[in-house]
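Peer 1: The structure that follows is given in the form of structure tokens.
The values are calculated or read from the model by the stated rules, or taken from the named source; none is laboratory data. Note that the structure is predicted; figures quoted are calculated from it, not measured. Virtual Cβ from ideal backbone geometry, glycine too; neighbours counted across all protein chains shown. Side chains are part of the model used for accessible areas, which takes the heavy atoms of the whole protein and leaves out ligands, DNA and RNA. Shrake-Rupley method; radii C 1.70, N 1.55, O 1.52, S 1.80 Å.
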Amino acid sequence: MTHYRDLGLSNTREMFRKAMAGGYAVPAYNFNNLEQLQAILTGCLKSRSPLILQISKGARAYADQTLLRYLAEGAMKIVGAAEHPIPVALHLDHGDSYELCVSCIETGFSSVMIDGSGLPYDENVALTSKVVEYAHKHDVTVEGELGVLAGIEDAVSHAASHYTDPEDVEDFVGKTGVDSLAISIGTSHGAYKFKVKPGESPPALRFDILEEVERRIPGFPIVLHGASSVLPQYVEMINKYGGQLEGAIGVSEDQLRRAAKSSVCKINIDSDGRLVVTAVIRKVFAESPKEFDPRKYLGPAREELTNLIIRKNREVLGSADRA
Ligand SMILES: [Zn+2]
């Protein structure tokens, strides 16, 4: 058993307490490879933001769970040696079984999500409670989910969303003992979040549901998944250099800024990073067709991703200068 504290990691409890009091949200960024991790780390150190580093089941399958874990451990050496260290949580994104959560906790994760949102309510309660019971023995924090987000993200895929029913939240939080709750208020996984005609705006997030949740569980940390904005400049860049992402659309940054000021304490951003990396690599390939050194296209992609992360922390989540 490797305990996360021995790696210099933090759980999310204190992070969320401060985020709630300060009216901002802690960013949760996913990584699958070295360059993504470097960009996330540099971006959060430079903007002095707390950080939730996320590993999904898909990332573990892609990059090897052992290697990813040691990459995170290496990242913590850099954080520890930094002039202004930042708190970092290592979080399992969309854990789908008790066994997976246990395995992550045993190898140094400080936080896990158990996603029972696709199960009948009572089964979600039972599975989440079981994970919480084990996790809390090791002072690891747990994120649960109520309501289903549409869209595709690695192994997680749902054709249709259904909003979180605020009537369930008090009972769920009380029975399971979770530390934070992901809810569905109109965000969606992936780069095609909404079907809208050209020139039309995507539907607004259901702030009425969020407010009702806040009324029922005041001061309880809420999580938003699928909160990329699918920034048009990167979609245009991808399409300009040979990509085909017509109709890709996300959640507006204005709405996320508003959510970050509420009891939303964690905002997950994955697709925006994927789009930036793809856009830059396509540009380098189009402009320098003779290039074949991966550092020459992964390097610029990493730099642009770092800039995106700094801007998100400063302008959208409000987490910059909070570490
Ligand atoms: Zn998600």
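Peer 1: Do the sum for the chain: with -39,500 (n - 2.57) for every DSSP H run of n ≥ 4, divided by all residues, what is the mean residue ellipticity at 222 nm, to the nearest 500 deg cm²/dmol?
Peer 2: -14000 deg cm²/dmol
Peer 1: Going through the range 286-323, which trypsin sites (Lys or Arg not before Pro) have at most 10 other Cβ atoms within 10 Å and a DSSP loop state?
Peer 2: Working: sites: LYS290, ARG295, LYS296, ARG302, ARG311, LYS312, ARG314, ARG322; in loops: LYS290, ARG322.
Passing both the DSSP loop test and the Cβ count: LYS290.
Peer 1: Can I ask one more? Taking a ≥ b ≥ c as the square roots of the eigenvalues of the Cα gyration tensor of the range 160-242, is the shape rounded (a/c under 1.5), prolate (a/b larger than b/c) or oblate?
Peer 2: Details: a/c = 3.26, a/b = 2.41, b/c = 1.35.
Judged from the Cα gyration tensor, the range 160-242 comes out prolate (a/c at least 1.5, a/b above b/c).
Peer 1: Select from LEU34, THR66, ALA89 the residue farthest towards the positive end of the dipole of the chain; place +1 on Cβ of Lys and Arg, -1 on Cβ of Asp and Glu, and compute about the Cα centre.
Peer 2: LEU34
Peer 1: What is the distance, in nm, between label points placed 7 Å from the Cα along the Cα-to-Cβ direction at ASN239 and at ALA286?
Peer 2: 1.2 nm
Peer 1: How big is the dipole moment of the range 2-60 about its Cα centre under a simple scheme where the beta carbon of each Lys and Arg is +1, that of each Asp and Glu is -1, and everything else is neutral? Debye, nearest 20, please.
Peer 2: Details: 8 positive and 3 negative charges, 32 e Å.
For the range 2-60, the charge dipole is close to 160 debye.
Peer 1: For labels at TYR98 and LYS137 in the simple 7 Å Cα→Cβ model, what's the distance in nm?
Peer 2: So the two model labels end up 1.1 nm from each other.
Peer 1: Then there is this: With charges set only on the Cβ (+1 for Lys and Arg, -1 for Asp and Glu), what does the dipole of the range 7-133 come to about its Cα centre, in debye to the nearest 20? Each step should come with its number before you reach the end.
Peer 2: Working: 10 positive and 13 negative charges, 112 e Å.
That gives a dipole near 540 debye.
Peer 1: I'd like to know which of GLN244, VAL280, ASN268 lies farthest towards the positive end of the charge dipole of the range 222-323, counting +1 on Cβ of Lys and Arg and -1 on Cβ of Asp and Glu.
Peer 2: Of GLN244, VAL280, ASN268, it is ASN268.
Peer 1: Please go through the range 242-272 and write out the trypsin sites (Lys or Arg not before Pro) that DSSP classes as loop and that have at most 14 other C-beta atoms within 10 Å. Walk me through the numbers on the way to the answer.
Peer 2: On the way: sites: ARG257, ARG258, LYS261, LYS266; in loops: LYS261.
Passing both the DSSP loop test and the Cβ count: LYS261.
Peer 1: Based on the Cβ-Cβ distance from ALA21 to GLU167, what FRET efficiency comes out when R0 is 22 Å, to the nearest 0.05? It would help to have the intermediate numbers written out before the result.
Peer 2: Numbers: r = 27 Å, r/R0 = 1.25.
After rounding, the FRET efficiency stands at 0.20.
Peer 1: Would you work out if the chain is rounded, prolate or oblate? Take a ≥ b ≥ c from the square roots of the eigenvalues of the alpha-carbon gyration tensor; rounded if a/c is under 1.5, else prolate when a/b is larger than b/c, oblate otherwise.
Peer 2: Details: a/c = 1.61, a/b = 1.21, b/c = 1.33.
The shape class here is oblate.
Peer 1: Averaged per residue, what accessible area in Å² does the chain show with a 1.4 Å probe, protein chains only?
Peer 2: Counting only protein heavy atoms, the per-residue value for the chain is 44 Å².
Peer 1: Rounded to the nearest percent, how much of the accessible area of the range 279-323 (1.4 Å probe, protein heavy atoms only) is carbon and sulfur? Write down the numbers at each step before the final one.
Peer 2: Numbers: 1300 of 2660 Å².
Using a 1.4 Å probe with all protein chains present, the range 279-323 comes out at 49 percent carbon and sulfur.
Peer 1: What's the longest piece of the chain with no exposed GluC sites (Glu not before Pro), counting a site as exposed if DSSP puts it in a loop and it has at most 14 other beta carbons within 10 Å?
Peer 2: On the way: sites that count: GLU83, GLU200, GLU246, GLU291.
Here the longest run is 84-199.
Peer 1: So, R0 is 25 Å and r is the distance between the beta-carbons of PHE207 and ARG13; what FRET efficiency does that work out to, to 0.05?
Peer 2: Working: r = 26 Å, r/R0 = 1.04.
After rounding, the FRET efficiency stands at 0.45.
Peer 1: Run through the range 211-317 and list the chymotrypsin sites (Phe, Trp or Tyr not before Pro) located in a DSSP loop whose Cβ has at most 11 other Cβ atoms within 10 Å.
Peer 2: Numbers: sites: TYR234, TYR241, PHE285, PHE292, TYR297; in loops: TYR241, PHE292.
Passing sites in the range 211-317 are PHE292.
Peer 1: Rounded to the nearest Å, what's the spacing between the alpha carbon centres of the range 303-323 and the range 1-34? Just the number, please.
Peer 2: The range 303-323 and the range 1-34 have Cα centres spaced 15 Å from each other.
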